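Written below as structure tokens is the structure these notes are about.
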Ligand code: 26Q
């Protein structure tokens, strides 16, 4: 049966209108006269989804005919952001849809505002996964993003009395028009029980897993369109359900309570996203989630393989799997189990297939973030996997012994099992051993990975290691978020710039043109006006759109050093109080980001930002020359309103701590200048935009361990620097609210531990901020630097990252760029 065209996916004005009204009436059952804005949003989303689905189905058919190798991106998190506007941009339908709706008296922007974003991730890692699906579709790679359909995503943040309050994310409550449930793609997932030996027909010894629990995975598909492309990626998320036979057997025996309990326990598996990033706690439910989705995904991939008529031995030529950090690393053992136990392959063949399938991306050097699971927990939940992990380990350690005879310490470090105390399975080691390629996410990070956490693996297999610097999609974060800038870019770089971001280099000569600079400033100012009105609406704070917008938005973490930023804010405040004539250009400090609910100091940092705002924003002596805003509920949608309005991008993590950062790229692409350390991708951004267009400060990654091991005493810095002493004392002076003890924990941490070396970098940061103020007072020079930032950031498109992965990691072909 051919995939035909129809009115449903026509692009003429009448087709679009008919499709929209049909969806409103036939699919939603609404009387147009009584329909609500939300109904209109749903009807439009369904109309647009039809277009994307048709592409998706055609593209899948082509991939199967040509037997192309597909990419499966395994990630416990995705943060796609609102879909509607993005699809319209990708399909080139924005204007015709707007006109069609106008004809019905409906405003497109109102409908765009109706969409709830899927907050199925914590931050950078989840957003990166979504940028990559966008780029996979754009550069024409067949791909599936496999993950979990959390019923409750990352919490909603509100600020009450200056404190973060967590609310429940209810993204599915208004209905989700973007997903399609696929009852045909259901999978069973086993847990618990024991294993037992058996013999097959040829008398070979085999193992069988007899589980104590089975849970069902239901597939929900969300199509992800590409820009100017007929390829479409798929995000396939798994929802946990009870297996009916199980409840019914208990139910039939009259054990109603047990049946219900079983059902609830099963469904709990995909209920909620864990809201902590960068801190690993050995929570069993989290391990269940990880196994659940990778097990569903691998079985699904084997099913698709057999639809192609290909044997399981050819798994790796049909699929490349990318592990987004170690969260899905249990998949290495699971694929072995499926190939050996279910499909009867010999160990050696299965191991070759497995190792040729997986690649592993590391996103962190923080030791507290490295995943380890108690051996007993894995043994209880996944007894067969523990056996397989032991077998992989035994064979691997034989290999190591041959390469490094007698080196027992090395053996202990490389082992998949940490035996230094209670025994743990080290997921990063499992991922390294089971992968073809291992990469970090920025040049510096990849280098440090090879030198520190994964040094032993890098010594063993240097050729496995590579770097792929992160990127961001210019569709969502420039074209959609900043249409004013988009228009300007189209004029000088051609209208296809979002599909070929290196074209932005064409901007460079225009940096010298005063008339162009004027236009550039007007775009920025208008974005800042828009953000100022959002700030007023959300916080009640009035800010001056002509002031310097100094922005730090990202998860709240000590290593990201939002509190260093706040020390600067308060230093400026104290200076203005003492010397009202001081030449301090007007600035608006904007903070945003969620703190993990159990992260005490992160919550105090938020409280410090709001306390600084309460004090400074109302101080008559300051008269609005500086303002401090905490923008609540930073997420993808809010990011799209914030990034275009940034003048100064704060990227001030302690060197060696931020694997890459991606907000740094989003801001600089939108014409912000960066104040930052030599950390993560900042290093490459500075190289790209030119050191004269970047405000550098701080220790570098080599100096950090040197200082720490040399007996760093933060208290000495405090004693010897009067400005520093003044500002630290101010925190507990009572001026920041009646409760003097509020910030004592932060102060104690800084004075007696200072693990992220704020006091060491304080002076350098102040000096860099002084240079910022000076350049800001020369608007022409500032604008020139701003234009050059955008012009030179083309290499940070996620399209480039994906091309790198295709070449260096997955070995799949991509479309050539159009001339
Ligand atoms: C692990 C185990 C149990 C519970 C939660 C987690 C968990 C969840 C999320 C651990 C880590 C994360 C997220 C990490 C993350 O977002 N890392 C960021 O990844 C970005 C994309 O590569 C980088 O740009 C950032 O530098 C890095 O911090």
Can you sort 375, 57, 727, 425 from fewest to most other Cβ atoms within 10 Å of each residue's own Cβ? 57, 375, 727, 425
Estimated FRET transfer efficiency when R0 is 25 angstrom, pair residue 403-residue 355 (beta carbons, to 0.05): 0.90
If you take the alpha carbon radius of gyration of segment 570-651 and divide it by 2.2 N^0.38 Å, what ratio comes out, to two decimals? 1.22
At what distance in nm do the modelled label points of residue 490 and residue 6 sit from each other, each positioned 7 Å from its Cα along Cα→Cβ? 3.2 nm
Restricting to Cα pairs under 8 Å and 6 or more apart, the percent relative contact order of segment 233-388 works out to 23 percent
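Which whole-number percent gives the relative contact order of segment 474-797, counting Cα pairs below 8 Å spaced six or more residues apart?
23 percent
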Rank the residues 684, 284 as a footprinting-exposure proxy: fewest other Cβ atoms within 10 Å of their Cβ go first. 284, 684
Just to compare against my own numbers: the Cα pair-distance distribution for segment 474-797, 20 Å bins, whole % per bin, please. 33, 58, 9
Per DSSP H run of n ≥ 4, the term is -39500 (n - 2.57); total these for the chain, divide by its residue number, and report the mean residue ellipticity at 222 nm rounded to 500 deg cm²/dmol. -14000 deg cm²/dmol
Kirkwood Rh over alpha-carbon pairs of the chain, then Stokes-Einstein at 10 °C and 1.306 mPa s: what D in µm² s⁻¹, rounded to an integer? 56 µm²/s
Just subtract the alpha-carbon distance of residue 579 and residue 463 from 0.36 nm times their residue separation and send over the number in nm, one decimal. 35.8 nm
Distance between Cα centroids, segment 4-33 to segment 356-402: provide it in whole Å. 52 Å
So the FRET efficiency between residue 102 and residue 771, C-beta based with R0 = 56 Å and rounded to 0.05, is 0.70
If you stretched the chain out fully between residue 423 and residue 21, how much longer would it get, using 0.36 nm times the residue separation minus the C-alpha to C-alpha distance? 138.6 nm
Calculated FRET value between residue 708 and residue 620, using beta carbons and R₀ = 45 Å, to 0.05: 0.55
Pairs of Cα atoms under 8 Å, at least six residues apart: use those to get the relative contact order of the chain, whole percent. 12 percent
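To the nearest µm²/s, what D does Stokes-Einstein give for segment 634-780 at 25 °C and 0.890 mPa s, using the Kirkwood radius over alpha carbon pairs as Rh?
Diffusion coefficient, whole number: 144 µm²/s.
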I need the semi-axes of the equivalent ellipsoid of segment 565-701: take the C-alpha gyration tensor, multiply each eigenvalue by 5, square-root it, list largest first in whole angstrom. 25, 19, 15
In square nanometres and to one decimal, what's the mean projected area of the convex hull around the Cα atoms of segment 748-794? 4.9 nm²
How far apart, in nanometres, would the label points at residue 725 and residue 538 be if each is projected 7 angstrom from Cα along the Cα-to-Cβ direction? 4.0 nm
Largest-first semi-axes in Å of the equivalent ellipsoid built from the Cα gyration tensor of segment 57-197 are 31, 27, 15
Order of 506, 594 - criterion: other Cβ atoms within 10 Å of each residue's Cβ, fewest first: 506, 594
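Computed from the coordinates by the stated procedures, all read-outs in this text should not be read as laboratory data. All values reported here derive from a predicted model rather than from experimental measurement. We place every Cβ from the backbone using ideal geometry, glycine too, and count neighbours over all the protein chains shown.
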